[in-house]
Amino acid sequence: MERIHSLPDGTKLAVWEEKNQVMALTLPVRRGMGVSVLARDVLKDLTSVLFRGSVYYAYHSLEHRVFFGTAGEGQPTAILSDPSDEKGYSGFQLLEWNGELYLFFRARSQKGKTWEIKFMCPLSEREARTFWEGFTRAPEPVYAVGEKLSVLAEGKICTWNGKQPPEPGEVLRSGTGQKARDTILRLEEENRQYKVQMAALAQKQEYQLAEVKKQYDELAGYAAELQKEGKRWREKYYKKH
């Protein structure tokens, strides 16, 4: 998923996937600066987030490994591996909550033909833990960050205060009764509005990225013309001497 992040110094960093590559570009575009390639082996599910002044990103690679990295700080590192794609890692979501950076994702359960929502803290503890299990199909969760982390999936809601991380395989207690139904309806409406807003934002960012790429191509073409002109003048000079 393409994102434009606002950095502390006032600039912006655009991060997107293009032709199996993670691309990044600092905005506004300045002479001598261009598109950076952060990774070249992307299969799907690129996610990025701004956390404590740095932009972090994660993705599913062509070799079915999950990579995590920091924009502008070397190569990403593998944090999960599933060569046969048996676990079906997908649906990655980096998010900041409660002063920590989390990577949430879904995976097939080793206990049977069910799915789980799992998470890890890639900056501090790279052990994948089960957050919620028992889905009959791959869930598409919605994450609501507040005093508690609320996760809506398959018409059910699960909340977590973050103080006592669940043990692997533990299913966190879901709300019940009218209060839970009201919360689900509220989150569903928020999710609908969020999708509308994200669709509009994605369209706007797509236009901005297109304009940025156009400016970059124009600058690159201008630089190429300057190189050609310089070469012609050097050739003329050497002919005279």
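Below is a table of values for the structure above.
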{"read-out": "20 Å reach of a label modelled at Lys163, 7 Å along Cα-to-Cβ, counting backbone N of the range 101-129", "value": "101"}
{"read-out": "Spin-label pair Leu7/Ala200, simplified geometry with 7 Å Cα→Cβ offset, distance in nm", "value": "2.9"}
{"read-out": "Out-of-range pairs (alpha-carbon distance over 32 Å; input Lys12/Lys87; Lys44/Lys214; Lys113/Lys148; Lys44/Lys156)", "value": "Lys12/Lys87"}
{"read-out": "Gained length - Glu127 relative to Ser36, 0.36 nm times residue gap less alpha-carbon distance", "value": "29.8 nm"}
{"read-out": "Solvent-accessible area per residue, Å², over the range 47-134 with all protein chains present [probe radius 1.4 Å]", "value": "44"}
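The values are calculated or read from the model by the stated rules, or taken from the named source; none is laboratory data. Everything numeric here is computed off the predicted structure, so don't read it as measured data. Note that we place each Cβ from the backbone using ideal geometry, even for glycine, and neighbour counts take in every protein chain shown. Areas reflect the complete protein model, heavy atoms only, side chains present, ligands, DNA and RNA absent. Shrake-Rupley method; radii C 1.70, N 1.55, O 1.52, S 1.80 Å.
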